[in-house]
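Peer 1: Next up is a structure, given as C-alpha cells.
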Amino acid sequence: MGKYLIAKEFWFDAGHRMYGHDLLKDRGAQLLKGKESILGWQRYKDIHPHGHTFRVKIFLESMNLDAQYMIVDTDKVKRVIKEFMDIYDHAFLIGRDDPIKDKFLDLFKGCRIVVMDSVPTAETIVEEIFNFFDKRFRALLDKEEYPRKFKIAEIQLHTASTAMAIYKPGYNNIKGDE
C-alpha cells in the first residue's frame, strides 16, 4: 500500500438483472435451510430487471506526491469519470450469456445498454469499473506516471445505504474454489 491515499466519489444510475439468482444456491444457502416455502418471490428477486443509484468511491495511492504536493489532482480524474458516465449512467447492464440478452437488445435498440462478460452482480460491476478506469488511465497517461507513480488501490461500489462491494486489484490471499 502507498504512503498517501485519496478518494474521489461519484454516483450513477443503472439497471441490471442477475439471471441466475437463487437464494437457495451456492455460498450461504444453508442459512436459509428450511425457509424454502416462505421465501416466495424473494428467492429469485434479482432475476427481475431493477436498478440502483450506485455510489462509487475510487481510491488512488502513491508513495510520493507530485510537484504540486498531490497524488493526482482529482479535477484531472473527472475526465475519466465523465467518460464512464457517458457509457454507464442510466444504462442497463446485462450479462453476455443472459438468456434474454438478444431479445432485450432488439427490444431496446437505441437505448444505453452495456453488455458485460459476466452476470452483473455488485462484485462484477465493481470489477468492471476498475477495468474501465485502469484501461483509460493507461491510455491517457504516460506509463511512467500510471501505474508507476500512482495507482488504483481499490474501488467501492455502494448499491444501497447498507451494502457495498469492494474491488482490490492484485488481491489474491483467498484461495479460489477447487
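Peer 1: Exactly one of these conditions fails for Lys109: (1) part of a helix (DSSP H, G or I); (2) at pLDDT 95 or above. Give me its number.
Peer 2: (1)
Peer 1: Which condition does Ile38 not pass, out of (1) modelled with pLDDT under 95; (2) among the β-branched types (Val, Ile, Thr); (3) not in a helix (DSSP H, G or I), if it passes all the others?
Peer 2: Unmet for Ile38, out of (1) modelled with pLDDT under 95; (2) among the β-branched types (Val, Ile, Thr); (3) not in a helix (DSSP H, G or I): (3).
Peer 1: List the residue pairs whose Cβ atoms are under 9 Å apart, where the first residue sits in the stretch 162-178 and is within 16 Å of Ala7 (Cα to Cα) and of a type in the set (D, E, K, R), the second is surrounded by 10 or more Cβ atoms within 10 Å (Cβ to Cβ) and modelled with pLDDT of 50 or more, and the two are 6 or more positions apart or on different chains.
Peer 2: Listed by first residue and then by second, the contacts come to Lys168/Phe130; Lys168/Ala153; Lys168/Glu154; Lys168/Ile155.
Peer 1: If a residue must be under 13 Å from the mean Cα position of the chain (by Cα) and assigned to a strand (DSSP E or B), how many such residues does the stretch 80-93 contain?
Peer 2: 1
Peer 1: Determine the pairs where a residue that is in contact (Cβ under 8 Å) with a residue 60 or more places away in the chain and farther than 17 Å from Pro120 by Cβ, located within the stretch 1-26, has a partner that is among the hydroxyl-bearing types (Ser, Thr, Tyr) and assigned to a strand (DSSP E or B) with Cβ atoms under 8 Å apart, the partner being 6 or more residues away or on another chain.
Peer 2: Hits for this filter: Gly2/Ser62; Lys3/Ser62; Tyr4/Ser62.
Peer 1: Could you pull out the residue among Phe130, Phe92, Phe150 that is under 30 Å from Tyr69 (Cα atoms), hydrophobic (A, V, I, L, M, F, W, C), touching a residue at least 40 places away in the same chain (Cβ under 8 Å) and surrounded by 13 or more Cβ atoms within 10 Å (Cβ to Cβ)?
Peer 2: The match here is Phe150.
Peer 1: Scan (1) under 26 Å from Ile100 (Cα atoms); (2) surrounded by fewer than 13 Cβ atoms within 10 Å (Cβ to Cβ); (3) within 15 Å of the chain's Cα centre (by Cα) for the single condition Ala14 breaks and write down its number.
Peer 2: (2)
Listed here are the residues, each with its yes/no results for (1) at pLDDT 95 or above; (2) assigned to a strand (DSSP E or B); (3) of a type in the set (Asp, Glu); (4) touching a helix residue (DSSP H, G or I) at 6+ places or on another chain (Cβ under 8 Å).
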| residue | (1), (2), (3), (4) |
| --- | --- |
| Lys135 | yes, no, no, no |
| Ala139 | yes, no, no, no |
| Lys143 | no, no, no, no |
| Arg148 | no, no, no, no |
| Ala153 | yes, yes, no, no |
| Gln156 | yes, yes, no, yes |
| Ala165 | yes, yes, no, yes |
| Asn173 | no, no, no, no |
| Glu178 | no, no, yes, no |
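Peer 1: When you scan the stretch 17-62, how many residues do you find that are over 17 Å from the mean Cα position of the chain (by Cα), more than 25 Å from Pro99 (Cα to Cα) and of a type in the set (A, V, I, L, M, F, W, C)?
Peer 2: Summing the residues that are over 17 Å from the mean Cα position of the chain (by Cα), more than 25 Å from Pro99 (Cα to Cα) and of a type in the set (A, V, I, L, M, F, W, C) in the stretch 17-62 gives 3.
The values are calculated or read from the model by the stated rules, or taken from the named source; none is laboratory data. These figures come from a predicted structure and were not determined experimentally. As a convention, Cβ positions derive from the backbone with ideal geometry for all residues, glycine included, and neighbour counts pool all protein chains shown.
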